[in-house]
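Note sheet for the following structure.
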Amino acid sequence: MICDIHLSLETPEGAVLPLAPAGIGVRIMAFMIDFLIKTVVTMIIYVVLAFLGRMGIGLALILAFLLEWFYSVYFEVWHQGRTPGKKNFRIRVVNDDGSPVTFGPSLLRNLLRVVDFLPLAYVAGCIASISNRQFKRLGDLVAGTLVVYDAEPMTQPDFDIKGRMPVPADFTTDEQRALLAFAERSKRLSPERQSELAAILQPLLGTKEPVIAIKQMANSMVGR
Amino acid sequence: MKQGQFEQLYQEQWIRAEQLIHQLEDPKLERVESKELAEFARLYRRLCHYHALARERHYSSYLVDRLGDLVIRGHQQLYRRKQPLLHAFLKFITTDFPRLVRREQGYVWVATALLYLPGLALFFATLWQPDLVYTMMSPEQVTSFEGMYDPENKVVGEAREATTNWQMFGFYISNNIGVSFRTFATGLVWGLGSIFFLVYNGLVFGAVAGHLVNLGYNDTFFTFVVGHGSFELTAIAIAGAAGLKLGYHLLRPGNHTRLESLKRAGKVAIQLMYGVIVMLVIAAFIEAFWSSSNVLPAAQKYLAGAILWAVVIAYLTLGGRRFREP
């Protein structure tokens, strides 16, 4: 997940919602999946309903029409802002205020795909979405909607070190948080990289094993 | 307070909140009872509080993120808007939509003029110079239109059998509503797209009408279009008006930023589109199942067409008005 473009929204309760707008790449991939699904389903509809004669063709035309214009609206409004493509990439559509997208804005953003598509292959939409911090295409700008990442499922971090060590009193809160973040991230770093990073603090900590020291400090900070 | 203590003290509430949120998110799970809903609202407020505390006290980002995630998910559920859809829809159709059209009538008049005036001009020009029809379409298209409205046909419009009505219904739905969507959406391009589609559709209609009158196919053509034209042409004009509104607000945002101005225009314009969709479904129904019938005498079709026009005009001008008691 890209972390440096987080958007903070304040709710009526005064809580701050951290939202991560989804970038253009992941949205294009989600779109591809949706496009593929729509195309295949449309083809199946025509092939099957053609057996029913002219009435079947009429029905197929209506279904294809609904699929073309209302596929995204249906999934966005009734499936928590996620079309199958978006669900696959763990992104979803929300209103600007972070609330679930409602029918009006969803229909508006999907009708305006026509303009985002201009002059061909969503060029206007791509230019628009790389021109603002929240990666909004034209439809999102007008409808007041936003595509964001779902929060990743979290697992309890384990620092794999027993014991505690007091944090030096002259560390600022930001510095303390940096230590904690290092301990939490350590699962995703190789042991070599861990020692490399921890070595930066060696002169400050004055121990032989800075990695262990930092993790023990983290333990004492979270009170484990 | 140490983080561990904090976690131990409130863990139970977080687990309960997560359980309720999960139940609310997944419609397949058991429904949440009203007593639990009250509990959820209370828990959500406390969650916001715990989240803020955890941030303020610089607890580990794992805990802050976990609470933050619960707050987001809870927020999504608490602020989910649900309304009785059918009731809202009926109220919209009977009162809100005609009122909205009247409130936005400036755009509607301009769009109507753009749709009809160039079309009428080309209609009369084609009567005067028959070859002008070829400025709008190819000779093949002209021949196909001639075939459709030849009085020798048993049925007018496209060649038909009984079940063809259904096929044409599907075609009119997907084609006409698609056209209205495009007419609306391209209005975002400084209004230019809407202007183009309105004028273009008007011109094609004018050219075809003029050409068929020249051939003496008056009755077959006009009896066909008079019925559904009331709903269809009016709906296209309103779709164009919604697009023009977007374009106008982009060009003249007034006291707002351009983006804010567009957002406000979009909110109103999309409501106009709801009405347009309904009107075009009605139009497609009339066009497929009634306009094409050649059994009825021309006089009757003109009469019915006049009534339908009167209905549309009365609906838009009088619908949703509150009349005072005498």
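Read the figures in this text as sums done on the coordinates, not as results from a lab. No experiment lies behind these values; they were computed from the predicted model shown. Quick reminder, even Gly has a Cβ in these numbers, built from the backbone with ideal geometry, and neighbours come from all protein chains shown.
Take every residue in peptide A:104-115, count the Cβ atoms of other chains within 10 Å of its Cβ, and give the average of those counts.
6
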Taking trypsin sites (Lys or Arg not before Pro) as candidate sites, keep only those in a DSSP loop with at most 15 other Cβ atoms within 10 Å, then name the longest stretch of chain B containing none of them.
-> B:155-320
Can you tell which of A:Leu112, B:Ala265, B:Gly202 lies farthest toward the positive end of the dipole of the protein assembly as shown, using +1 and -1 charges on the Cβ of basic and acidic side chains (Lys, Arg; Asp, Glu)?
-> B:Ala265
For A:Lys208, list the lysines whose Cα falls under 28 Å from its own Cα; do not include residues on the same chain fewer than 8 positions away.
-> A:Lys162, A:Lys187, B:Lys2
Want the number for A:Phe35 to A:Leu66: 0.36 nm per residue separation, take away the alpha-carbon distance, what's left?
-> 9.8 nm
Measure out, as a whole number of angstrom, how far apart the alpha-carbon centroids of the stretch A:53-68 and the stretch B:234-278 sit.
-> 30
Going by alpha carbons, how many degrees (0 to 90, nearest 10) lie between the helix axis of A:24-49 and the longest principal axis of chain A?
-> 30
Which of A:Met217, A:Pro191, A:Phe70, positive extreme of dipole for chain A (C-beta unit charges) | A:Phe70
Return the subset of A:Lys87/B:Lys28; A:Lys87/B:Lys263; A:Lys86/B:Lys263; A:Lys86/A:Lys136; B:Lys91/B:Lys267; A:Lys87/B:Lys267 for which the Cα-Cα distance in this structure is over 20 Å, preserving the input order.
-> A:Lys87/B:Lys263; A:Lys86/B:Lys263; A:Lys87/B:Lys267
Which value, in Å³ per residue, describes the convex hull spanned by the Cα atoms of the protein assembly as shown?
-> 220
Can you pull the mean other chain C-beta count within 10 Å for peptide B:297-303?
-> 0
Treating only the Cβ atoms of Lys and Arg (+1) and Asp and Glu (-1) as charged, compute the dipole magnitude of the stretch B:85-318 about its Cα centre; round to the nearest 20 debye.
-> 1300
With a ≥ b ≥ c from the Cα gyration tensor eigenvalues, square-rooted, and the rule rounded for a/c under 1.5, otherwise prolate when a/b > b/c and oblate otherwise, the stretch A:7-149 is prolate
Using only Cα atoms, tell me the angle between helix B:105-128 and the longest principal axis of chain B; keep it within 0 to 90° and round to the nearest 10.
-> 20
On full extension of the chain, what length is gained from B:Gln13 through B:Thr257, given 0.36 nm per residue of separation minus the C-alpha to C-alpha distance?
-> 83.5 nm
Charged-residue dipole, Cβ positions (Lys, Arg, Asp, Glu), chain A about Cα centre, Debye nearest 20 = 600
Neighbouring Cβ atoms within 10 Å as the yardstick, rank A:Leu61, B:Leu318, A:Leu7 fewest first.
-> B:Leu318, A:Leu7, A:Leu61
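What ranking, highest mean first, results for peptides A:141-148, A:189-196, B:212-219 when packing means the other Cβ atoms within 10 Å averaged over each residue?
Averaged packing, sorted descending, gives the order A:141-148, B:212-219, A:189-196.
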Can you give the charge dipole size of the protein assembly as shown about its Cα centre, rounded to the nearest 20 debye, using +1 on the beta carbon of Lys and Arg and -1 on the beta carbon of Asp and Glu?
-> 1220
Taking the Cα centre of the stretch A:98-187 as the origin and placing charges on Cβ (Lys, Arg +1; Asp, Glu -1), which of A:Gln134, A:Val101, A:Gln176 is farthest toward the positive end of the dipole?
-> A:Val101
What's the angle, to the nearest 10 degrees (0 to 90), between helix A:173-185's Cα axis and the longest principal axis of chain A?
-> 70
Proximal aspartates and glutamates to A:Lys38, defined as alpha-carbon separation beneath 19 angstrom and excluding residues fewer than eight positions away on the same chain = A:Glu68, A:Glu76, A:Asp116
Value of [θ]222 nm, deg cm²/dmol, for chain A, DSSP H segments ≥ 4, -39500 (n - 2.57) each, nearest 500 = -17000 deg cm²/dmol
What value, in deg cm²/dmol to 500, does the helix sum -39500 (n - 2.57) over DSSP H runs of n ≥ 4 give at 222 nm once divided by the residues of chain B?
-> -26000 deg cm²/dmol
Which of the trypsin sites (Lys or Arg not before Pro) found in the stretch A:80-157 are in a DSSP loop and have at most 12 neighbouring Cβ atoms, other than their own, within 10 Å?
-> A:Arg133
Would you work out the relative contact order for chain A, in percent, from Cα pairs under 8 angstrom that are 6 or more residues apart?
-> 16
In square nanometres, what is one fourth of the surface area of the convex hull spanned by the alpha carbons of chain B?
-> 26.5
Calculated FRET efficiency, B:Glu25 and A:His6, Cβ-Cβ r, R0 25 Å, to nearest 0.05?
-> 0.65
